[in-house]
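I have placed the structure first, in the form of structure tokens, so that the comments after it can refer back to it.
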Amino acid sequence: MFRYAFISDIHGNILALEAVIENILNEGIPLKNIYCLGDLVGYGPNPNEVIKFIRDRRIKTIMGNYDEAVGFYLPSCGCKLNSIRDKDWMHNSLNISSKLTSEENKEFLRELEESMLIEINGYSILLVHGSPFSIVEYVYEDNIEAQEAILDELDVDAVFFGHTHFPYIKKINDMTLINTGSVGRPKDRDNRAGYVIGNFENELSFEIRRVEYDVFEMDRRLKESEFLDVFGDILLCGCTDFDLEEGTVMACQCDLKL
């Protein structure tokens with residue numbers, strides 16, 4: 001069995017995680033063949049439930065920037081903050097996530113490795129959250145400079161990462177770069193949970209998968225919590241393209257309608 005699943009950026013969304021793992025298992029991929037690239041917490045109301053789910057099933061997991069921030073009581077998640085709005089969102093997300101996450105689970109987050117180098121059927125695979133060089137670096141599909149740096153410095157067959165919440169698969173020379181997208185907080189205008197299946201049997205092949213879950217129930221839970229209401233709107237819309245005027249959320253600016 002050389003089919004594996006890679007997930008990332010669950011962000012306290014237990015409903016999306018449950019749906020994704022059920023979908024993976026239905027594909028015939030066992031729990032031992034699932035890897036998680038971090039960010040179990042942040043933005044979502046169920047950090048303890050997500051961590052318990054991961055721990056109970058012994059899903060191999062590395063540290064995301066939000067895991068680091070909550071686990072080590074950091075004042076910032078290290079995200080790219082381009083506006084007052086982004087800073088307000090980050091502070092609310094980090095403060096409430098830290099408040100909700102138990103001390104035992106914070107200890108678990110602190111013990112996660114920042115990267116993982118694995119071998120599958122003779123292929124060398126590097127797992128990171130942001131990039132091989134920084135847990136908070138964004139490697140978007142069109143970020144040629146960051147991708148060239150990875151190719152120059154590494155000798156592996158594939159690199160998996162998350163952090164951006166935008167999935168893609170890109171082969172450059174002999175290396176494949178794969179962003180798994182996000183289980184619990186997609187930003188690519190598709191509100192379904194996302195993950196990637198990799199087939200390592202002969203030639204490498206990868207496939208982005210999307211899974212529906214009860215996003216309206218998660219929106220309800222968020223709006224009954226201390227998190228900002230806009231975090232629920234982001235789940236419904238599958239993007240973060242919102243305007244802010246006088247402290248209130250305006251209509252979503254993406255193609256989907258709330």
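The values are calculated or read from the model by the stated rules, or taken from the named source; none is laboratory data. Please read all numbers here as calculations on a predicted model, not as lab measurements. All Cβ positions, even for glycine, are placed from backbone atoms using ideal geometry, and neighbour counts span all protein chains on display. These area figures cover heavy atoms from the full protein model, side chains too; ligands, DNA and RNA do not enter into them. Shrake-Rupley method; radii C 1.70, N 1.55, O 1.52, S 1.80 Å.
What percent antiparallel are the DSSP beta bridges of the chain, to the nearest 5?
Of all bridge pairs located within the chain, approximately 65 percent are antiparallel.
Once every DSSP H run of n ≥ 4 in the chain is given -39500 (n - 2.57) and the sum is divided by its residues, what mean residue ellipticity at 222 nm do you get, rounded to the nearest 500 deg cm²/dmol?
-9500 deg cm²/dmol
Take the solvent-accessible surface of the protein heavy atoms, probe 1.4 Å, and return the percent of it on the chain that carbon and sulfur atoms account for.
45
Which angle from 0 to 90°, rounded to the nearest 10, does the C-alpha axis of helix 144-153 make with the longest principal axis of the chain?
Tilt relative to the chain: about 40 degrees.
Where does helix 47-56 land angle-wise versus the long Cα axis of the chain, in degrees 0 to 90, nearest 10?
30
Provide, for the chain, the number of lysine pairs with alpha carbons under 22 Å apart, each pair being eight or more places apart or on different chains.
15
Which option, [x] 54, 39, 34; [y] 72, 44, 35; [z] 67, 40, 39, is the value of Cα extents along the principal axes in Å that was calculated from these coordinates?
After the calculation, the listed value that fits is [x].
Over segment 27-106, give the accessible area per residue in Å² for a 1.4 Å probe, as an integer.
Averaged over the residues of segment 27-106, the accessible area is 42 Å².
By average Cβ neighbour count within 10 Å, what is the ranking of 39-52, 216-229, 140-153 from highest down?
Top to bottom by mean Cβ count within 10 Å: 39-52, 216-229, 140-153.
Given an 8 Å cut-off on Cα distances and at least 6 residues of separation, report the relative contact order of segment 4-132 as a percent.
Value for segment 4-132: 25 percent.
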